[in-house]
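Below is one structure, written out as structure tokens; comments come after it.
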Amino acid sequence: MILKLISTFFIIIFLTAKLIASEINTNENQFNFFIGNFDFSDDKQKAVLVGFQHQNENLNRNTFIGNISPITGGFVTENSAAYIYTGFEWNVDMGKGLIFTPSFAPGLYHEGDGKDLGHILEFKSEVQLSYVTSDRTSLGISYNHVSNASLGDKNPGANSYMLNLIKNF
């Protein structure tokens with residue numbers, strides 16, 4: 001069941017990315033496909049997650065904290081929990097093909113049959129380290145924490161780690 005969900009998700013994402021890439025073909029859009037372990041630190045609630053994120057390089061801005069750009073994405077877990085978000089990220093070139101990318105994104109969470117995070121509004125803080133394998137592809141690992149910042153009656157939060165495939169179109 002899980003493998004079928006994951007493979008179907010990635011087939012849909014791949015076909016969508018191919019369609020968009022054939023229309024755009026400017027190397028200004030970045031798609032981040034990821035798979036990982038949602039809430040790995042809670043043995044009762046951990047679950048496989050799959051997700052997708054988009055970043056538009058045209059919308060980047062140089063600020064006092066560095067070059068930032070908007071992101072939009074989401075993920076689903078094997079327990080039907082879902083999170084959609086929009087926020088911003090920094091891409092910091094560390095040299096020798098390494099990119100460090102911290103990000104912050106508020107979003108909407110639905111627990112499905114998964115973990116109750118205490119509120120529909122949740123905030124995702126993430127760090128990612130990726131290695132550029134070609135001018136259009138990078139591979140990375142990332143860690144995030146999703147929390148409601150005590151907006152709800154409870155705030156258990158969730159810690160997740162992912163493997164990332166990043167494609168520029």
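Kindly establish whether Y109 is within 23 Å of P70 (Cβ to Cβ), surrounded by 21 or more Cβ atoms within 10 Å (Cβ to Cβ) and not hydrophobic (A, V, I, L, M, F, W, C).
yes
Could you list, in sequence order, the residues of the stretch 70-86 that are surrounded by fewer than 18 Cβ atoms within 10 Å (Cβ to Cβ), polar (S, T, N, Q) and part of a strand (DSSP E or B)?
Of everything in the stretch 70-86, those that are surrounded by fewer than 18 Cβ atoms within 10 Å (Cβ to Cβ), polar (S, T, N, Q) and part of a strand (DSSP E or B) turn out to be T72, T86.
For the stretch 129-159, which residues satisfy the criterion of being touching an Asp or Glu at 6+ places or on another chain (Cβ under 7 Å) and not in a strand (DSSP E or B)?
N148
Does the stretch 133-169 hold any residues that are touching a Lys or Arg at 6+ places or on another chain (Cβ under 7 Å) and either aromatic (F, W, Y) or over 23 Å from E111 (Cα atoms) (or both), and which are they?
Selection gives R136, T137, K167, N168.
Of all residues in the stretch 117-149, which are loosely packed, with under 14 Cβ neighbours inside 10 Å and within 13 Å of F38 (Cβ to Cβ)?
None; the set is empty.
Pairs needed: first member in the stretch 45-62, in contact (Cβ under 8 Å) with a residue 24 or more places away in the chain; second member anywhere, of a type in the set (K, R) and not in a strand (DSSP E or B); C-beta distance under 6 Å; at least 6 residues apart or different chains.
Q45/K115
Each reported figure results from applying straightforward, stated rules to the coordinates on display, with no laboratory input. All values reported here derive from a predicted model rather than from experimental measurement. No Cβ is skipped: glycine too gets one built from the backbone with ideal geometry, and neighbour counts run over all protein chains shown.
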